[in-house]
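J.: Just passing along the structure, written as structure tokens.
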Amino acid sequence: MLPVTFLVVGVGGAIGAMLRYGMAVAISGVGATMAVNIIGSFLMGCAAVYLYDKSENPWQPFLMTGVLGGFTTFSAFSLDAMALFERGDVGQAALYVMASVVLSIMALVLGIFIIRGVLA
């Protein structure tokens, strides 16, 4: 069953990536990224409530990890933050959000500097 799930997630991821690219073409610039993150997070919230209420829902990996994960990983990040918040771990949720944003930007900057140094 596991290899089939990988295939299902992969197909969903391809669909999500194509949808993301379509949004980037339709809306150029930073606005496209923001729109994708907002839309993806909204859809992740809808899917989480609907699919988690159903035990062993076969659509969960396809839609949540595949389509929405391929569309934007920000939706999974948002779901993780909300899960911490709903558990009452407000401080941990805030730390998770801040650390994710700051460390991700720092990693991006580090990657740019390293590759620019290698290619220089």
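J.: Checking the structure you have, find out if any residue of the range 20-40 is under 14 Å from the mean Cα position of the chain (by Cα), over 22 Å from residue 101 (Cβ atoms) and touching a residue at least 12 places away in the same chain (Cβ under 8 Å).
T.: no
J.: Among 47, 81, which is the only one that is in the same structural domain as residue 9 (by TED's automatic domain parsing) and of a type outside the set (D, E, K, R)?
T.: 47
One line per residue, one yes/no per condition, for (1) assigned by TED's automatic domain parsing to the domain that holds residue 12; (2) over 20 Å from residue 33 (Cβ atoms); (3) modelled with pLDDT of 95 or more:
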residue	(1), (2), (3)
60	yes, yes, no
69	yes, no, no
102	no, no, yes
116	no, yes, no
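J.: So is residue 97 modelled with pLDDT of 95 or more, β-branched (Val, Ile, Thr) and in contact with a Phe, Trp or Tyr (Cβ under 9 Å, 6 or more places away or on another chain) or not?
T.: It is true that residue 97 is modelled with pLDDT of 95 or more, β-branched (Val, Ile, Thr) and in contact with a Phe, Trp or Tyr (Cβ under 9 Å, 6 or more places away or on another chain).
The values are calculated or read from the model by the stated rules, or taken from the named source; none is laboratory data. Worth saying up front: this structure is predicted, and the values here are computed from it rather than measured. For neighbour counting, all protein chains shown are included, and Cβ atoms are generated from backbone atoms with ideal geometry for every residue, glycine included.
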